[in-house]
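Single-structure report; data block below.
The values are calculated or read from the model by the stated rules, or taken from the named source; none is laboratory data. Being a predicted model, the structure only gives us computed values, none of them experimental. As a convention, Cβ positions derive from the backbone with ideal geometry for all residues, glycine included, and neighbour counts pool all protein chains shown. Just the protein is used for accessible areas: all its heavy atoms, side chains included, with ligands, DNA and RNA removed. Shrake-Rupley method; radii C 1.70, N 1.55, O 1.52, S 1.80 Å.
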Amino acid sequence: MDERLTQEQRELVEKNLTVIDCVIRSCVHANNNISGMEYDGLYQIGAIGLCKAASRYKQCKQAAFSTYAFHVVKNTIIDYLRGLNTRLRAQSCFLEESERHIKQQYMTDLAGTLYERELLRALQQSKENCSGSVRKGIEAIELKMQGYSGRDIAEQYHVKPNYITACISRAQKHLRQDVVFVRKVA
């Protein structure tokens, strides 16, 4: 709105500022707990509406300016609140979706953590019944679950990485045939 008010229109606005307060108190009810619905913000929107009313008012319509301004201010604030409502709903949907995603991720992580604990317990028990390269392979699997790479594990055992890979392969073959391990993990 790039309309300039004349001196007469500015005087109409100044004389009728109480219309804004009347609209806010009787039709809208400001809420300081919701961003955009505070009294001061609504008053500013109402002031824009009052300026619109002053620029468009024609005395020949036989309605008092305050009556006309009341409706224009009210409609301006209601239009603003509709837009605000749309934005808040969109924001709320986004927040609900984000919250749902976070909960889902947490549940997935929790389930993964519980599964990892069970898997580690089963590996520990299976390891007790093994020796040699199969035992080293199970230990390497445990270390891989903790985030170590094959190279890190090889350095820890002072062997070549391909030896660790072979041990893991033997351990996997053993674990697939270990009925107790398969039952605990499944």
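Considering region 126-137, and only residues there that are open to solvent by 80 Å² or more (accessible area, probe 1.4 Å) and assigned to a helix (DSSP H, G or I), the residue that is modelled with the highest pLDDT turns out to be 135. If the condition is being over 13 Å from residue 72 (Cβ atoms), in a loop (DSSP other than H, G, I, E, B) and either modelled with pLDDT of 90 or more or more than 35 Å from the chain's Cα centre (by Cα) (or both), then region 2-51 contributes 2, 3, 4, 5, 6, 17. Scanning region 1-48 for residues being hydroxyl-bearing (Ser, Thr, Tyr) and under 30 Å from residue 92 (Cα atoms) gives a total of 4. As for region 69-78, it holds no residue that is hydroxyl-bearing (Ser, Thr, Tyr), assigned to a helix (DSSP H, G or I), at pLDDT below 85 and within 30 Å of residue 31 (Cα to Cα). Within region 157-178, residues that are among the basic types (Lys, Arg) reach partners that are open to solvent by 60 Å² or more (accessible area, probe 1.4 Å) and in a helix (DSSP H, G or I) with beta carbons closer than 8 Å, at six or more positions or on different chains, in the pairs 176/182. Residues in region 93-112 include none that are within 14 Å of residue 18 (Cα to Cα), assigned to a helix (DSSP H, G or I) and modelled with pLDDT of 70 or more.
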